[in-house]
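The values are calculated or read from the model by the stated rules, or taken from the named source; none is laboratory data. Every value quoted in this text rests on a predicted model; they were computed, and no experiment measured them. Please note: Cβ atoms are built from the backbone with ideal geometry, for glycine as well, and neighbour counts cover all protein chains shown.
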Amino acid sequence: MVSLTHPGRSGGSSATVSVTATHIAPFVCENAARLGQKAAQEDEVAGISKSETLNRLSEKTQLTKKQVGLVLEELAALAYKEARNGFTFPGVGKLVIVDRKARIGRNPATGETIQIPAKRVLKFRIAKQAKDSTLAKRGK
């Protein structure tokens, strides 16, 4: 049991409130359930961190984390350099440059039509093998 006492204004009477575990238990349980659901949703979205990736790869390959980090940095540098020609990461996907046409869009705030210029964008196309194995594990 917790007792809270609040003194009155200008020396007036004070109020004491007693709260027991039975009073707050429903609120604690409800909030814990909400937090648990939120954490579960975040786990699905968050994925794996860089340090965890380095840990797992170093265990699997018997290389140090530093060596694995250098390999990943070189892989990224190679992907940046070769993206113009299309860089394929076997079993995962491919980096490609796509030319988008000019088009007419709409400003959502005002509803005014605007001209969107043509541009080049970098896209990552997921390999079929990666899609199939990932979606099969999640049951979708």
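What to note about this one:
- Identity of the residue in region 81-112, exposed (fewer than 10 other Cβ atoms within 10 Å of the Cβ) and β-branched (Val, Ile, Thr), that ends up farthest from residue 133 (Cα to Cα): 110
- Long-range neighbours under 6 Å by Cβ, at least six apart or interchain, first residue closer than 27 Å to residue 96 by Cβ and in the same structural domain as residue 94 (by TED's automatic domain parsing) within region 57-78, second of a type in the set (Lys, Arg) and surrounded by 11 or more Cβ atoms within 10 Å (Cβ to Cβ): none
- Where a residue in region 91-110 is within 30 Å of residue 127 (Cβ to Cβ) and its partner, wherever it lies, is assigned to a strand (DSSP E or B) and charged (D, E, K, R), with Cβ under 7 Å and at least six apart: 93/125; 94/125; 96/123; 96/125; 97/120; 98/123; 99/120; 100/119
- Residues in region 58-74 that are farther than 22 Å from residue 134 by Cα and surrounded by 11 or more Cβ atoms within 10 Å (Cβ to Cβ): 58, 59, 61, 63, 64, 65, 67, 68, 69, 70, 71.
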